[in-house]
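This report refers to the structure that appears directly beneath it.
The values are calculated or read from the model by the stated rules, or taken from the named source; none is laboratory data. Being a predicted model, the structure only gives us computed values, none of them experimental. Every residue, glycine among them, receives a Cβ derived from its backbone with ideal geometry; neighbour counts consider all protein chains shown.
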């Protein structure tokens, strides 16, 4: 019975990154031997055990055989005769197929260390095509490691293109797509996830709503980059600079989805794309099972981002309606996130990356005035409870009008 440190722990250690999880592979053992040694069985599809003291995962060395479509269509063999090299050969990328024994020696049959040094993501073998999740995982690794200069090997990209063409990617389930996308959105360079999927033609299958934006023109006056898809990627980059919140970044990705459905005869104008985008975003979130909190921010951002850009042009009544729709009283943190999405949208344009966004401060001040209205006191003065909402709205309207009059620039 031999134990080897494998996968991400070895990879990240070689990259000089902090190691979070340590996974081990066990060669020459059986489930009964592991249990007798005090390990706890936790594996569902194949034998995985928790160490009795460290609680780190120890998996029996295994080989796998494709038996059906998708990533559930596999049969596993964990016989004690399975070698370490056979186990490593089933892994997705060479940089994840390196093992380390207790003496510190590396076992690297697929030259993963060299690919790490050359900053290349490369498949271990043609068995890569058997699991469509590997396309998503590779794209997520790009989101995580692009800042270090990693690229995808040309033959690996070609292999992924063939998987798309043969329909293997069609078998991905929505929950797994969201799981990998969410991981990418939390990484250092989320745009790389979507660029990688696009480069192998997988984006049009996995996220057709985003793919549809590429090639759709916008007015050069407001969008020097012209292409709606390029703009969306630029907005995502700006959102990444503004914060680490995955919800803000996802909302940035979705904010202009409505532009893909603009009738060709009215291009490059996109009147009404906000509401169309909100509907598309809602449907996308439903399909991917996006969590409610992230979904709500994305839908609101799609629907109201242009209101934010035109904040100083809004009259008091429209401004009150906007703040009410954004639920700034009960959801102040989400309101801040909404403003970040809007700022990212304003800056995600060619040559405008460093522009200031005073609309955010303006709306934040308006929200402070709006929230300062004592709704409880108003409610206590009204006997007919059905009249309370209108009375509160009227009070907020008067407060906002007064505030707007105060901050108006005085004419000489």
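Residues in the range 359-412 that are modelled with pLDDT of 95 or more and not in a helix (DSSP H, G or I): 372, 373, 374.
A count restricted to the range 336-358 and to residues that are assigned to a helix (DSSP H, G or I) and loosely packed, with under 14 Cβ neighbours inside 10 Å stands at 1.
The residue list 265, 275 contains one member that is surrounded by fewer than 20 Cβ atoms within 10 Å (Cβ to Cβ), out of contact with any helix residue (DSSP H, G or I) (no Cβ under 8 Å at 6 or more places or on another chain), over 23 Å from residue 206 (Cβ atoms) and not assigned by TED's automatic domain parsing to the domain that holds residue 402, which is 265. Might you check whether a residue that is out of contact with any helix residue (DSSP H, G or I) (no Cβ under 8 Å at 6 or more places or on another chain) and outside any loop (DSSP other than H, G, I, E, B) occurs anywhere in the range 181-201? Checked the range 181-201: no residue is out of contact with any helix residue (DSSP H, G or I) (no Cβ under 8 Å at 6 or more places or on another chain) and outside any loop (DSSP other than H, G, I, E, B).
From the list 129, 164, the one residue that fits, being at pLDDT below 95 and either surrounded by 14 or more Cβ atoms within 10 Å (Cβ to Cβ) or more than 22 Å from residue 205 (Cα to Cα) (or both), is 129.
Consider residue 102 carefully, then state whether it is touching a residue at least 40 places away in the same chain (Cβ under 8 Å) and not in a helix (DSSP H, G or I). Answer is yes for this residue. Could you tell me which residue of the range 289-304 is nearest to residue 186 (Cα to Cα), considering only residues that are surrounded by 20 or more Cβ atoms within 10 Å (Cβ to Cβ) and within 13 Å of the chain's Cα centre (by Cα)? Applying the filter and picking the extreme gives 294.
Condition check: modelled with pLDDT of 95 or more, loosely packed, with under 14 Cβ neighbours inside 10 Å, in contact with a helix residue (DSSP H, G or I) (Cβ under 6 Å, 6 or more places away or on another chain) and assigned by TED's automatic domain parsing to the domain that holds residue 273. Does residue 333 satisfy that? So residue 333 fails the test.
Residue 147 passes every criterion in (1) in contact with a helix residue (DSSP H, G or I) (Cβ under 8 Å, 6 or more places away or on another chain); (2) surrounded by fewer than 22 Cβ atoms within 10 Å (Cβ to Cβ); (3) in contact (Cβ under 8 Å) with a residue 40 or more places away in the chain; (4) in a helix (DSSP H, G or I) apart from (1). Cβ contacts < 9 Å: first residue in a helix (DSSP H, G or I), restricted to the range 249-262; second residue at pLDDT below 95 and surrounded by 24 or more Cβ atoms within 10 Å (Cβ to Cβ), any location; separation 6+ or different chain. Result? Here the result reads none, with nothing in the range 249-262 linked to a residue that is at pLDDT below 95 and surrounded by 24 or more Cβ atoms within 10 Å (Cβ to Cβ).
Of the residues 182, 123, only one is outside the structural domain of residue 7 (by TED's automatic domain parsing), surrounded by fewer than 22 Cβ atoms within 10 Å (Cβ to Cβ) and farther than 19 Å from residue 17 by Cβ; which?
182
Contact map, the range 388-400: first residue at negative phi, second residue exposed (fewer than 13 other Cβ atoms within 10 Å of the Cβ) and part of a helix (DSSP H, G or I), Cβ cut-off under 8 Å, separation 6 or more or different chains; pairs are 397/317.
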